[in-house]
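Take a look at the structure below.
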Amino acid sequence: MSYDIEKSEAEWRAQLSPEEYHVLREAGTERPFTGEYTDTKTVGVYSCRACGAELFSSETKFDSHCGWPSYYAPLAEDRVQYIEDTSLGMRRVEVRCARCGGHLGHVFEGEGYGTPTDQRYCINSVSLTLRPAE
């Protein structure tokens, strides 16, 4: 796939910490209940840590108690990319940053959360940077 921001693996490694690189570039997952934004209530916008693209608003963040920050919708559908993921023997939908291709997490539907979209974007904190509202 082609993205607006393309860098070599060496450039990504130089820019990102080892954990950020593992999650964003190798589709890794941070350990549950360890991410800096899991329980954050700060009002603001969450951007891709790799490229700065604005992805999620605190207005759509909710407490799912799953161990990762959860949102019920991205800022706009063109901000994220969806890819079928069957890596763990089940069908999941991976969510990536549409600007740089960075792995963010997965989106799930039909889990019974009382959200307007019935979706849970389960996103790694290490994939995001929170920009608090002024």
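The values are calculated or read from the model by the stated rules, or taken from the named source; none is laboratory data. Please read these numbers as outputs of a predicted model, since none were measured by experiment. Cβ sites come from the backbone with ideal geometry, for glycine too, and all protein chains shown count toward neighbours. Just the protein is used for accessible areas: all its heavy atoms, side chains included, with ligands, DNA and RNA removed. Shrake-Rupley method; radii C 1.70, N 1.55, O 1.52, S 1.80 Å.
Summary table below
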{"read-out": "Length-normalised contact order of the chain in % [C-alpha pairs under 8 Å, at least 6 apart]", "value": "29"}
{"read-out": "Size of electric dipole in region 57-133: Cβ of Lys, Arg +1 and of Asp, Glu -1, about Cα centre, debye, nearest 20", "value": "280"}
{"read-out": "Longest DSSP-loop-exposure-free segment, trypsin sites (Lys or Arg not before Pro), the chain, at most 14 other Cβ within 10 Å", "value": "42-90"}
{"read-out": "Protein accessible area in the chain, 1.4 Å probe - carbon and sulfur %", "value": "48"}
{"read-out": "Whole-Hz ³J(HN,Hα) from phi, Karplus 6.51 cos²θ - 1.76 cosθ + 1.60, for region 85-92, glycine and proline x", "value": "10, 10, 5, 10, x, 9, 8, 10"}
{"read-out": "Solvent-accessible area per residue, Å², over the chain with all protein chains present [probe radius 1.4 Å]", "value": "54"}
{"read-out": "Per-residue ³J(HN,Hα) for region 25-31, Karplus 6.51 cos²θ - 1.76 cosθ + 1.60, θ = phi - 60°, Hz, x for Gly and Pro", "value": "9, 10, 6, x, 9, 6, 5"}
{"read-out": "Ser64 long-range amide H proximity, modeled H, under 5 Å", "value": "Ser70"}
{"read-out": "For Phe108, distant residues with modelled amide H under 5 Å away", "value": "Arg120, Tyr121, Cys122"}
{"read-out": "Size of electric dipole in the chain: Cβ of Lys, Arg +1 and of Asp, Glu -1, about Cα centre, debye, nearest 20", "value": "140"}
{"read-out": "Long-range HN-HN contacts of Val80 with modeled amide H, under 5 Å", "value": "Ala98"}
{"read-out": "CD proxy at 222 nm, helix term only [per DSSP H run n ≥ 4: -39500 (n - 2.57); per residue of the chain; nearest 500]", "value": "-3000 deg cm²/dmol"}
{"read-out": "Derived scalar couplings ³J(HN,Hα) [region 119-127; Karplus, 6.51 cos²θ - 1.76 cosθ + 1.60; whole Hz; x for Gly, Pro]", "value": "10, 10, 7, 8, 10, 5, 4, 5, 7"}
{"read-out": "Candidate residues His103, His22: accessible-area rank, largest first, probe 1.4 Å", "value": "His22, His103"}
{"read-out": "DSSP-loop GluC sites (Glu not before Pro) across region 18-84, with at most 14 other Cβ within 10 angstrom", "value": "Glu36"}
